[in-house]
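Colleague: I have a structure I would like to understand better, so I am pasting it below and will then ask my questions one at a time.
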Amino acid sequence: MRSSGKFLLIGITAEDFIDNEAGKIENLLDCGLDYIHIRKPGASRKALAELIGAIKPEYYGRLKLHDYYDLAEEYKLGGVQLNSRNSEITSEKLRISRSCHSLDEIDDFAEVNPEYEYVTLSPIFNSISKKGYTSRFNLDDLTDKIKDKSVIALGGVTPSSLTTLREAGFAGAAMLGCIWSNVDEFCKQLKTY
């Protein structure tokens, strides 16, 4: 699990479905996000398949699923994100990333599966979307521990914090709370990065 050198920008969907979500996902990918993680923990397989089916196939390689991993193979998506609900996968065809909440987890997963594309570490800052989910990390303390690893910052991340996170040694940043209240405004902010 080594950093590729490119600073990845990742969006994560809101837990609930929103109006014109497929169109907004396409717009976000067009305005500069590398991946969209589709994270709908309460959704049915059918509802998730309907969302994916509403997205143009040319975007599929840039989508990752947090649930119903078989849909990632069926639609030939960009991969899956392992997490506490779904911590294992048997497919060798999919690109895999992983949710982590401590430095020990990052080290453990790197040993178990060095083929992970990246891991997310959260919460780096106080969460925007999850009230009471506060940062447990000091950026200055993280730099040496994440150096040369593909660690993506998550939690309270906004376009204005991207430069700081890159300088701290992260391989990228994932955003959720700052995106969905106004996708067009988010894209404008992202273009200034």
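The values are calculated or read from the model by the stated rules, or taken from the named source; none is laboratory data. Treat the numbers as computed from the prediction; the structure is a model and nothing was measured. As a convention, Cβ positions derive from the backbone with ideal geometry for all residues, glycine included, and neighbour counts pool all protein chains shown. In case anyone asks, the SASA skips ligands and DNA or RNA and just uses the protein heavy atoms, side chains included. Shrake-Rupley method; radii C 1.70, N 1.55, O 1.52, S 1.80 Å.
Colleague: Under 13 Å between alpha carbons, and skipping anything fewer than 8 positions from Lys56 in its own chain: which aspartates and glutamates qualify?
Modeller: Straight-line reach from Lys56, under 13 Å: Glu21, Glu26, Asp30.
Colleague: Related question: If I take R0 = 45 Å and measure r between the Cβ atoms of Thr143 and Lys46 in this structure, what FRET efficiency does the formula 1/(1 + (r/R0)^6) give, to the nearest 0.05?
Modeller: Details: r = 44 Å, r/R0 = 0.98.
Approximately 0.55, to the nearest 0.05.
Colleague: I would also like to ask the following. Can you flag which of Lys46/Lys131; Lys76/Lys191; Lys24/Lys188; Lys40/Lys131 are past 22 Å Cα-Cα? Let's see the in-between values first.
Modeller: Numbers: Lys46/Lys131 29 Å; Lys76/Lys191 29 Å; Lys24/Lys188 14 Å; Lys40/Lys131 18 Å.
Table pairs above 22 Å Cα-Cα are Lys46/Lys131; Lys76/Lys191.
Colleague: Express the accessible area of the chain per residue in Å², computed with a 1.4 Å probe while the remaining protein chains stay in the model. Don't skip to the end; give the middle numbers.
Modeller: Numbers: 9570 Å² over 193 residues.
Counting only protein heavy atoms, the per-residue value for the chain is 50 Å².
Colleague: Still on this structure, I have one more. Go through the range 144-150 residue by residue and turn each phi into a ³J(HN,Hα) via Karplus (6.51, -1.76, 1.60, θ = phi - 60°); whole Hz please, and just put x for glycine and proline.
Modeller: Computed from phi, the couplings for the range 144-150 are 5, 7, 10, 3, 6, 10, 8 Hz.
Colleague: In sequence order, what are the phi-derived ³J(HN,Hα) couplings for the range 25-31 according to the Karplus relation 6.51 cos²θ - 1.76 cosθ + 1.60 with θ = phi - 60°, rounded to whole Hz, with x for glycine and proline?
Modeller: Result, rounded to whole Hz: 4, 4, 4, 5, 5, 5, 8.
Colleague: Next up: List, in order, the whole-Hz ³J(HN,Hα) value for each residue of the range 65-80 obtained from phi through the Karplus relation with A = 6.51, B = -1.76, C = 1.60 and θ = phi - 60°; use x for Gly and Pro.
Modeller: Once θ is set to phi - 60°, the couplings for the range 65-80 become 9, 9, 9, 6, 4, 4, 5, 5, 6, 4, 9, 6, 7, x, x, 9 Hz.
Colleague: No other cysteine beta carbon under 4.7 Å away is the test; run it over the chain and list who passes.
Modeller: Here Cys100, Cys178 come out as lacking a disulfide-compatible partner, given the Cβ-Cβ threshold of under 4.7 Å.
Colleague: Give the carbon-plus-sulfur fraction of the accessible surface of the chain in %, rounded to a whole number; probe 1.4 Å, heavy atoms of protein chains only.
Modeller: Working: 4340 of 9570 Å².
On the chain, the fraction of accessible area on carbon and sulfur atoms equals 45 percent.
Colleague: Tell me, in nm to one decimal, what length is gained between Asp19 and Asp104 on full extension, where the rule is 0.36 nm per residue of separation less the Cα-Cα distance? Walk me through the numbers before you get to the answer.
Modeller: On the way: separation 85, 0.36 × 85 = 30.60 nm, distance 3.88 nm.
The span from Asp19 to Asp104 would gain 26.7 nm if fully extended.
Colleague: What residues qualify as long-range amide H neighbours of Met175, i.e. H under 5 Å apart, gap of 5 or more or another chain, H built at 1.01 Å from N?
Modeller: Correct list: Ile10, Gly11, Ile12.
Colleague: Then there is this: Take the Cα coordinates of the chain, assign each an equal point scatterer, and use the Debye formula without solvent to give log10 I(q)/I(0) at q = 0.13, 0.16, 0.17 Å⁻¹.
Modeller: -0.65, -1.01, -1.16
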